[in-house]
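Participant: Structure in structure tokens, see below.
The values are calculated or read from the model by the stated rules, or taken from the named source; none is laboratory data. Computed from a prediction, not measured in an experiment: that's the story for all the values here. Heads up, the Cβs are rebuilt from the backbone with ideal geometry, glycines too, and the neighbour counts pull from every protein chain shown. For the accessible areas, the whole protein counts, side chains as well, though only heavy atoms, and no ligand, DNA or RNA atoms are used. Shrake-Rupley method; radii C 1.70, N 1.55, O 1.52, S 1.80 Å.
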Amino acid sequence: LDEYQDTGESQRVLLTSLFGDGRCVTAVGDPRQSIYGWRGASAGNLQRFGADFGGNRESGLTRSFRNGEAILTVANAVAEGLPVDGLAQRPLVPGPGRAGTGHVECALVETVAEEASLVADRLVSVHDRGVAWGEMAVLSRKRSGFPRLEQALSERGVPVEVVGLGGLLVRPEVADVVATLQVLGDATAGSALLRLLGGPRWRLGPRDLARLGERAATLARKAAPRDADPQVAEYDVVDERSIVDALDDLGAPSAYSDEGYARLVAARDELRELRRWTWQPLPDLVAHVARSTGLDVELAARAAEDIDALADLDRLVEEADDFVQQGDDPGLVEFLAYLEAAREQEDGLEVDQPGAPGERVRVMTVHAAKGLEWKVVAVTGMSKKVFPSEGQAVTNWARQAQTLPFELRGDVSALPSLDWLGAADGKALAQELERFKAACELRALVEEHRLAYVAVTRPQELLLCTGYWWDETKTPRGPSVLLDLVHRTLPTAGGHLLSWAAEPEPDAANPAVVDPARAAWPLDPLGGRRGAVEAGAALERAAAGDGGGGPADASRWDDEVELLLAEHERLRRRTDGVAQGVVLPTTLSVSQLVEMRRDPAELARALRRPVPQPPRPQARRGTRFHLWLEETWGQQRLLDLDELPGAADETAPVDDDLAALQEAFRASDWWARTPHELEVPFDLKLAGLVLRGRIDAVFADHSDGFVDVVDWKTGRPKKGEDAAVAAVQLAVYRLAWHHLSAVPLDRIRAAFHYVAHNRTVRPADLLGHDELISLIRSVPEGGADPR
């Protein structure tokens, strides 16, 4: 039983009922770490283990194979005094090769913004010395600091990921989609609509937004009962008015600026159209919102600057799909409530780390980091009332109606007691309640120290602890007891003090108030690029003779005219009706690209009217084979439903046995090799399209220095033209791995391995980057024949 300490009371009863009658049971856990208290876990489970299972033979696992010795010095200082009732209090010692290693740094700065800058600068410096981004993490007690930390890292070009659904929801592109969903599902979602209208897409200014608010009040007054009391009716106006309703009924155009009214009408029409699609399955609705608002195109256009943005939208669609699969009533309103709960509560949920290692710095809560490790970890926000979070995480059943009284819990012996029956009078009861409150606060503080112990034991090589004096408060915070403890331990640990800002004067003003952040509103979508764009526009006007530059040389514009005419023809084909085809989406799977090469008209029909595919035993057999390979090689990834392995093996006989495929594969040359990666997802941008797919396997263990990209096929080998068309798939996989790994393209081979026939096919002269672009451009959108 691993981590018995984090078992809830009902689980403890179940386990003792099953195994508590003399069976040999082993529990592994660290009594000084924090517990998953929000799941009902109890810190007393390890202490009661002997009584639960009849006997207690204890062994101390105190040798750390993760942390350097300097880091363990800080960890032991934090753990000192933490209660481990019934168990021996043993300090951690370094494992083999860890003695004399590790480094600890500490800093106290003036403002929370300076803290984010210091952390970002230190991570950049460490990366410059050879530590991969994926080997670093930034931990925080609360999520409120995430946007500031993410911004500081992003400004320095650091790839960063805020881990967890709560972190996903703060990404601007995801927040815009969620805000649109809120407006579609809730007529009172005024703040969500305000985000959209005042954002970079619609860019409504304060005057037009104020007029929209006045229109909302007018509509609310009209809806009030005629015989209502005027004072009550006025209150109802404030309570009931909705700018969502006002957007749908704008009133007189003269109330707004000309440009503002035009934008409001466009936003209204778009939302009306989207409401017609709310009947769709939830994942489809989320994807449709992204497409209809043009967000997916915008993100694809700037994929070079923000490679994670499209992946963030995909993750939101995956969350919607998971919600549909698990929910009893998976509607839009319920999904929005789930997202809101995740936003508020997810610092108490376990989260996975998506993506391949080495890609991004992770920003997460300390709770989410439990059980994980990195080479470098920064623990931020170690300021008073922030970490430890004094007085904000106290469980006191006497003051919280939703909390189970401690006397009714199975771990009552490890909890503060309240003698509410023994009080002689009201005064005595009040004193007992105050004593009980103090005991609960002390218990909460101990849990905060347990959480700090988790934080400082995450790094292998470098621990950075930081705090600040000023955030949004009127009075300075200063270092918490935890940061003071790390500061005092630095000499023993051989650590380094980066800075220690002096305490502000008693009458000092908050720097954030003295010099508040400033920004233009409405937001300029060009941002810092406006100067360059305007300079380019000036050059264009000058070349055309509009800027005093003299008459333009018409011959210089021949190429541009040809391109514009070609673009006009493409747009005409897109908009001339069904007879000319359908709009080519901005994102295609690799299988769709292969289909476009094989039969453009068939792809157009599938895009125009997608229908469910009939059950395919071949695909199920191929899926089972791929899953068997993943289990065999010990690597597993989540798969999209429309990209299940083996889905393209339409030529496979239905009665092939999985065992026969396994036996055939064991006889192949691939069986003796070790894959470098399995089921590698990718997004590859070519000729304005985003191609998405998954590479079955990548091998980098060959003695000739080549990398092999392999696609497993459980069907029959293809011949002739079919083989040439199928080779497009390998060409994309080969190019995708080149971009993912930076391995030179001429050092990457690609192959199909037909498992049942034990035959590996390596097509010669696979298409390169330019050839793939030519292929895409040779097929007009919608599958129309080229003319």
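Participant: Of the residues Ala113, Ala179, which is assigned to a helix (DSSP H, G or I), in contact with a Pro (Cβ under 9 Å, 6 or more places away or on another chain) and either aliphatic (A, V, I, L, M) or open to solvent by 10 Å² or more (accessible area, probe 1.4 Å) (or both)?
Facilitator: Result: Ala113 is the single residue among Ala113, Ala179 that is assigned to a helix (DSSP H, G or I), in contact with a Pro (Cβ under 9 Å, 6 or more places away or on another chain) and either aliphatic (A, V, I, L, M) or open to solvent by 10 Å² or more (accessible area, probe 1.4 Å) (or both).
Participant: Quickly run through region 465-497 and pick out the residues that are outside any loop (DSSP other than H, G, I, E, B) and touching a Cys at 6+ places or on another chain (Cβ under 7 Å).
Facilitator: Cys465, Leu483, Val486, His487, Leu490, Leu497 - these are the residues of region 465-497 that are outside any loop (DSSP other than H, G, I, E, B) and touching a Cys at 6+ places or on another chain (Cβ under 7 Å).
Participant: Has region 757-772 got any residue that is open to solvent by less than 30 Å² (accessible area, probe 1.4 Å), over 31 Å from the mean Cα position of the chain (by Cα) and at pLDDT below 90?
Facilitator: Yes, because at least one residue in region 757-772 is open to solvent by less than 30 Å² (accessible area, probe 1.4 Å), over 31 Å from the mean Cα position of the chain (by Cα) and at pLDDT below 90.
Participant: Could you tell me whether Gly167 is buried (at least 18 other Cβ atoms within 10 Å of the Cβ), within 18 Å of Ala369 (Cα to Cα) and not aromatic (Phe, Trp, Tyr)?
Facilitator: For Gly167, the condition - buried (at least 18 other Cβ atoms within 10 Å of the Cβ), within 18 Å of Ala369 (Cα to Cα) and not aromatic (Phe, Trp, Tyr) - is met.
Participant: Still on this structure: I'd like the full set of residues that are outside any loop (DSSP other than H, G, I, E, B), modelled with pLDDT under 75 and in contact with a Gly (Cβ under 8 Å, 6 or more places away or on another chain), limited to region 382-427.
Facilitator: Those that are outside any loop (DSSP other than H, G, I, E, B), modelled with pLDDT under 75 and in contact with a Gly (Cβ under 8 Å, 6 or more places away or on another chain): Ser413, Ala414.
Participant: Another question about this same structure. Return yes when Leu451 is surrounded by 14 or more Cβ atoms within 10 Å (Cβ to Cβ), modelled with pLDDT of 75 or more and aliphatic (A, V, I, L, M) and no when it is not.
Facilitator: Judged against the criteria, Leu451 is a match.
Participant: Now for a different question. Condition first: in a loop (DSSP other than H, G, I, E, B) and modelled with pLDDT of 85 or more. Now tell me which residues in region 648-681 satisfy that.
Facilitator: Within region 648-681, Ala667, Ser668, Arg673, Thr674, Pro675, His676 qualify.
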